[in-house]
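Let me begin by presenting the structure, written as structure tokens, before commenting on it.
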């Protein structure tokens, strides 16, 4: 059932618009972007000694610790999206922070939030400052 006042275009209308050179949403192609290259990070994370997100423990205390750190980071609206998306991996109360941030002050802010919640001796930072 068609809604009142809604007109559907037929093939003839589409052909006419195409002949006139009027672009349609289907014809628009997205701008070219260079693909993201995380090869070095992926190679590093293949090592069994590297903490990865899938190693996050399912204990209630580790999940709660990760959640509190994440909430603290997300509350700080001065941080970039990069900082908001830092990986937080908690294993037996020990926290590993990984991922890129936009600046050294941002790196220090994320680390400070994790240390304030987990304790200085419980936080290991592998955060990197991404080039602009």
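The values are calculated or read from the model by the stated rules, or taken from the named source; none is laboratory data. Remember, predicted model here, so these are calculated numbers, not experimental data. Heads up, the Cβs are rebuilt from the backbone with ideal geometry, glycines too, and the neighbour counts pull from every protein chain shown.
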When region 98-132 is checked residue by residue, the ones that are closer than 14 Å to residue 66 by Cβ, in contact with a helix residue (DSSP H, G or I) (Cβ under 6 Å, 6 or more places away or on another chain) and outside any helix (DSSP H, G or I) are 123
All positions within region 97-116 that are in contact (Cβ under 8 Å) with a residue 40 or more places away in the chain and crowded, with 16+ Cβ neighbours inside 10 Å:
98, 113, 114
Can you work out which of the residues in region 117-131 that are farther than 21 Å from residue 81 by Cβ and touching a strand residue (DSSP E or B) at 6+ places or on another chain (Cβ under 8 Å) is surrounded by the most Cβ atoms within 10 Å (Cβ to Cβ)?
123
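Conditions (1) modelled with pLDDT of 95 or more; (2) more than 15 Å from the chain's Cα centre (by Cα); (3) within 16 Å of residue 125 (Cα to Cα); (4) in a strand (DSSP E or B), marked per residue:
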| residue | (1), (2), (3), (4) |
| --- | --- |
| 48 | no, yes, no, no |
| 51 | no, yes, yes, no |
| 54 | no, yes, no, no |
| 62 | no, yes, no, no |
| 69 | yes, yes, yes, no |
| 79 | yes, no, no, no |
| 82 | no, no, yes, no |
| 89 | no, no, yes, yes |
